[in-house]
Each structure stands twice: as C-alpha cells, then as structure tokens.
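A short reminder: the numbers here are calculations on the coordinates, not readings from a lab. Keep in mind it's a predicted model, so treat the numbers as computed, not measured. Don't worry about glycine lacking a Cβ; one is built from the backbone with ideal geometry, like all the others, and counts go over all protein chains shown.
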Amino acid sequence: MEHFQLGEKRFVPAPIYAFVLHDWQLAKYDYKPRSLFDPNDGLLDTVGYPEMVNLTPRPGIRLTEQLQWFMVKQLVLSKYNKNVNNKQEFFGRLSSEEREYIVRAFCGLTKSQTAFTNNAGTEEESGRRNYIAGWNTGGEFPILFENTCGGTTVELFSNIKYANGYKIKTLRNSDYEIWKNRTYKSHPQYFTKAVNATVIPYQGKWRIDAMHYLDGKEVAIPIISETGYSFIATDRVILLNWNNSIPSPYYPYP
C-alpha cells in the first residue's frame, strides 16, 4: 500500500482527450461530407444530416425519469442559461412559453427517427414513457444509444488501441448520484455535441451546425453506458494535446 506524507503532492496524470473527426476530415469518405461520398445513402444535401458516429458496444440504456430530466437540464442550460434538475424546478423556474419550447425540443430530439433513440423513442404513438411531455408513463422505457457526433471531444482511459478502438469514458448509469449535477459546460467530455453537416463549402471545408432543436444553441446529449466506457474506432479520432481547451465542434468556428 502506498503511503503519503502530510502535504505531499500526488502525481495526477493529465487527461487524454480525443477529437471525433468530421466526415470531411476522413480519408474513408475522400475528405467529403458523407452524402457526397455516397450520393445514394438517402441523406438530404439540401437540409443537412446528423453527422453520427456509433460507439461500441451499443446496447443502449433505459431512459428513466431521472435521465430524461438530466437531458432536459442540458437543454434548458443551453437555451435559457437556467439550472433545472427536476419537474418541480422545471415548472418553478421557467415560464409557460419556455416550458413548451423545451418540451418540443426534447420530443423532437428523442423521437424514434433520430439516431440517439433509434426505433425506441418517446413519441406518444410509440407507447414509451415520456416524463417530460407527460404521456405513456406506465409504458416501456425509451432507449438512449451509445452514439456521438463528429466534432465532439471525448476523454480516453489511455492511448492504448484495443481491437474495438480507443476506450472512452462515459457516464456510468449506476453512478447517477455521483454525476447528476454535471453539465455539458462543467464536464464537456461526457456529452455529445449534436451537429448537422451540410454540403455548403467554406474555404475548402464543409459547414457544421448545431442540430436545429434549440434554434442555433448547442444541443448536448449525455454519453451514458452501463459499464462507464465505450469504444470508438481509432481512425475516427485524433488525440489532443492537453491545453485546457476543447475544440469547437462547428464550422465555420463561432
């Protein structure tokens, strides 16, 4: 067992961050938006498309009432710069117009057509629980899948390359009480910055915007798993030098 004298400083290694590359930064897509690389993939160039990157394994986690409010917490913080942790604070700190706006944003973001809750979303006709809108609260739980987007910065356990890629840190589902007060601002490495890619070029690069659900404000989705880790393909990221800054996920940069 290690012993340390009073006042002795313990060495804490610097975190290892990795930037999730955009499609147009990858040789596999010929340095183009995905839809230009494969025009038959069904992505709509005219409106942009989610620049999704799957993590592995990807069984998904149940979106309980606590986790749904945790997601709303991030939306409210981004849109209105207010802190909301639960239903009581949601009604106590937001106006009726603000509440309606956030409910619409949450329902749009978690519908079954989105990659985050693919085929297991919260729309009323799904029969799944939506505690934010207040329907189907006795039904099955929706599922949040282990995804991220190009432009997100994640934290690695190490720079070791495993068969499934780099091992990244996630919020562990069973540790909710430990991280329930975290936000995408205080711990950005645990949140996907949800983005849309377009085929509009900017100085040889391609436009990346925040998903539309908050009308231009950042849309942050927690990266949660049952184990506290996921894997991301090594060719999908670049390692970052630690300099206390997180790269912008957008282009052109704000």
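The order of Asp209, Asp235, going from fewest to most other C-beta atoms within 10 Å of their C-beta, is Asp235, Asp209. Listed by chain and number, the aspartates and glutamates whose alpha-carbon sits under 12 Å from that of Lys205, ignoring those within fewer than 8 places in the same chain, are Asp23. With contacts taken as Cα pairs under 8 Å and at least 6 residues apart, segment 145-254 reaches a relative contact order of 36 percent. Report note on the peptides 160-167, 108-115: ranked by the mean count of other C-beta atoms within 10 Å, highest first, their order is 108-115, 160-167.
What is the list of residues in segment 186-214 whose amide nitrogen lies under 20 Å from a point 7 angstrom out from the Cα of Glu97, following Cα to Cβ? Backbone N within reach: 213-214.
The order of Tyr31, Tyr17, Tyr202, going from fewest to most other C-beta atoms within 10 Å of their C-beta, is Tyr202, Tyr31, Tyr17. Solvent-free Debye calculation, one equal scatterer per alpha-carbon of segment 134-254: log10 I(q)/I(0) at 0.16, 0.17, 0.23 Å⁻¹ equals -0.91, -1.00, -1.46.
Comparing Cα centroids, segment 145-182 and segment 116-144 end up 24 angstrom apart.
Converting the Cα gyration tensor eigenvalues of the chain into ellipsoid dimensions via √(5λ) gives semi-axes, longest first, of 28, 27, 18 Å. Counting beta carbons within 10 Å around each of Met52, Met211 and listing the fewest first gives the order Met52, Met211.
Cross-linked pairs Lys79/Lys167; Lys82/Lys193; Lys32/Lys167; Lys111/Lys180: Cα-Cα separations exceed 25 Å for Lys79/Lys167; Lys32/Lys167.
For the chain, the 222 nm mean residue ellipticity estimated from helices alone, with every DSSP H stretch of n ≥ 4 adding -39500 (n - 2.57) and the total spread over all residues, rounds to -5000 deg cm²/dmol.
To the nearest whole percent, what portion of all C-alpha pairs in segment 62-141 is separated by more than 22 angstrom? Roughly 19 percent, once rounded to a whole number. Note on Thr234 and Glu89: the extension gain reaches 48.1 nm, defined as 0.36 nm multiplied by sequence separation minus the Cα-Cα distance.
As a test, work out the antiparallel percent of DSSP beta bridges whose residues both lie in the chain, rounded to the nearest 5. Bridges in the chain are about 90 percent antiparallel.
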